[in-house]
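Encoded as structure tokens, the structure appears first; notes follow it.
The values are calculated or read from the model by the stated rules, or taken from the named source; none is laboratory data. Note that the structure is predicted; figures quoted are calculated from it, not measured. Note: ideal-geometry Cβ built from the backbone for every residue, glycine included; neighbour counts use all protein chains shown. For the accessible areas, the whole protein counts, side chains as well, though only heavy atoms, and no ligand, DNA or RNA atoms are used. Shrake-Rupley method; radii C 1.70, N 1.55, O 1.52, S 1.80 Å.
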Amino acid sequence: MLELREVTKTYGRTTAVDRLSITIHPGRVTGFLGPNGAGKTTTMRLLLGLERPDTGAALVNGRPYHALARPLQEVGALLDAGAVHPGRTARAHLGWLAAAAGLERSRIAEVLELTGLTGVAGRRVGGFSLGMRQRLGLASALLADPPILILDEPVNGLDPEGVRWTRDLLRGLAARGRTVLISSHLISEMALTADHLVVIGRGRLLADGPPDALGEGSLED
Ligand code: ADP
Ligand code: ADP
């Protein structure tokens, strides 16, 4: 479970997150929806301990990220799919992450297979398309088979087949009890993928509920 309790985060005069309280439950794909600049990435960074709230608390299973016993095993994250050393192969990148997290190397082949990257695992990431980078980002997030996934814009730049494939993968994980949080600024993407929506604007909570209950028209930016 992921939880924000009355979290505020400001950067200078910009209030990125404004007294936000939300709970993200296991067993479903929660879509975090809002226009660019709404505060989605900041919220995810707060949950991942990459930012500290000015006030309030961002909690993973009841604790701040920094207090987790084995954070890499507990939470998988995709924040910036482009942030991979371009000279590394996909397999070497995953090997480096697995070593850093103390994971079995056998997981590398499993996540490559799961994300459809087995055939390009020996290629340098610098030559990857955005879609292949997204798949590698997902493979990295899934490496430790964590119970919680926090994925910033995971289907950004994917073709329709890639979106379908990601949806099926994430829904399957949620069906197995995982907590899955994904962000997007497009309701059309979210309607395909998420079981539950949390809508924010200017750092504030606007709506929280199943997609069909929220009325699509009012959510487009
Ligand atoms: P989203 O992910 O919904 O596009 P962000 O969380 O990236 O929104 O940004 C929310 C607001 O906070 C924006 O106005 C953005 O410019 C600002 N912001 C985010 N990170 C920083 C930062 N490190 N320094 C200054 N402003 C930031
Ligand atoms: P997104 O739209 O996915 O939030 P951005 O391009 O807005 O991505 O942000 C990418 C990174 O830059 C994030 O780490 C965010 O915190 C930081 N950032 C965003 N806005 C600003 C800003 N105005 N000043 C400094 N850093 C920012």
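For residues in the range 174-185 being over 15 Å from the mean Cα position of the chain (by Cα) and not in a helix (DSSP H, G or I), which is farthest from A16 (Cα to Cα)?
R176
Could you list all residues from the range 51-89 that are small (G, A, S) and touching a residue at least 24 places away in the same chain (Cβ under 8 Å)?
G56, A57, A58, G62, G76, A77, A81, G82, G87
Please go through the range 148-167 and give me each residue that is more than 13 Å from R135 (Cβ to Cβ), buried (at least 19 other Cβ atoms within 10 Å of the Cβ) and not charged (D, E, K, R), ordered by number.
I148, L149, I150
Are there any pairs, at least 6 apart or on different chains, whose C-beta atoms fall under 7 Å, with the first in the range 29-50 and closer than 17 Å to R63 by Cβ and the second open to solvent by 10 Å² or more (accessible area, probe 1.4 Å) and in a helix (DSSP H, G or I), and if so, which?
From residues that are closer than 17 Å to R63 by Cβ, the pairs are L47/Y65; L48/Y65; G49/Y65; G49/H66.
Testing P146 on (1) in a loop (DSSP other than H, G, I, E, B); (2) modelled with pLDDT under 95; (3) closer than 30 Å to G56 by Cα, one condition comes back false. Which one is that?
It fails just one condition, (2).
Filter the range 34-60 down to the residues that are closer than 18 Å to V198 by Cβ and polar (S, T, N, Q) and list them by number.
Those that are closer than 18 Å to V198 by Cβ and polar (S, T, N, Q): N36, T41, T42, T43.
Restricting the first residue to the range 94-113 and requiring it to be farther than 19 Å from R124 by Cα and free of Cβ contacts under 8 Å to residues at least 60 places away in the same chain, which pairs with a second residue that is acidic (D, E) and part of a loop (DSSP other than H, G, I, E, B) meet a Cβ separation below 8 Å and a spacing of at least six or different chains?
Close Cβ pairs (under 8 Å, with a partner that is acidic (D, E) and part of a loop (DSSP other than H, G, I, E, B)) amount to R107/D145.
Condition check: in a helix (DSSP H, G or I), buried (at least 16 other Cβ atoms within 10 Å of the Cβ) and either more than 16 Å from ligand 2 (Cβ to nearest atom) or at pLDDT below 95 (or both). Does A213 satisfy that? Outline the logic, then answer.
Numbers: in a helix (DSSP H, G or I): yes; buried (at least 16 other Cβ atoms within 10 Å of the Cβ): no; either more than 16 Å from ligand 2 (Cβ to nearest atom) or at pLDDT below 95 (or both): yes.
Criteria not met by A213.
E110 versus (1) at positive phi; (2) at pLDDT 95 or above: which is the lone unmet condition?
(1)
For the range 92-112, enumerate the residues that are surrounded by 13 or more Cβ atoms within 10 Å (Cβ to Cβ) and of a type in the set (D, E). Step through it out loud before you land on a result.
Step one: list which residues in the range 92-112 are surrounded by 13 or more Cβ atoms within 10 Å (Cβ to Cβ), which gives 92-98, 101, 103, 107-112.
Result: E110, single match.
Give the number of residues within the range 181-196 that are among the hydrophobic types (A, V, I, L, M, F, W, C), touching a helix residue (DSSP H, G or I) at 6+ places or on another chain (Cβ under 8 Å) and modelled with pLDDT under 95. Outline the logic, then answer.
Looking only at the range 181-196, we keep the residues that are among the hydrophobic types (A, V, I, L, M, F, W, C), and these are 181-182, 186-187, 190-192, 194.
Of the ones still in play, those that are also touching a helix residue (DSSP H, G or I) at 6+ places or on another chain (Cβ under 8 Å) are 181-182, 187, 190-192, 194.
Remaining after also requiring modelled with pLDDT under 95: 187, 190-192, 194.
The number of residues fulfilling the criteria is 5.
Give me the strands (runs of 3 or more DSSP E) completely within the range 1-107, filtered to those with at least 2 residues that are more than 17 Å from the chain's Cα centre (by Cα), ordered by residue number.
Numbers: elements: 2-11, 14-24, 28-33, 55-60, 75-78.
Per the criteria, 2-11, 14-24, 55-60.
Kindly evaluate R88 against the criterion of being away from ligand 2 (no atom under 16 Å from the Cβ), more than 22 Å from E189 (Cβ to Cβ) and touching a Gly at 6+ places or on another chain (Cβ under 9 Å). Even if it seems obvious, please write down each step before you answer.
Working: away from ligand 2 (no atom under 16 Å from the Cβ): yes; more than 22 Å from E189 (Cβ to Cβ): yes; touching a Gly at 6+ places or on another chain (Cβ under 9 Å): yes.
It is true that R88 is away from ligand 2 (no atom under 16 Å from the Cβ), more than 22 Å from E189 (Cβ to Cβ) and touching a Gly at 6+ places or on another chain (Cβ under 9 Å).
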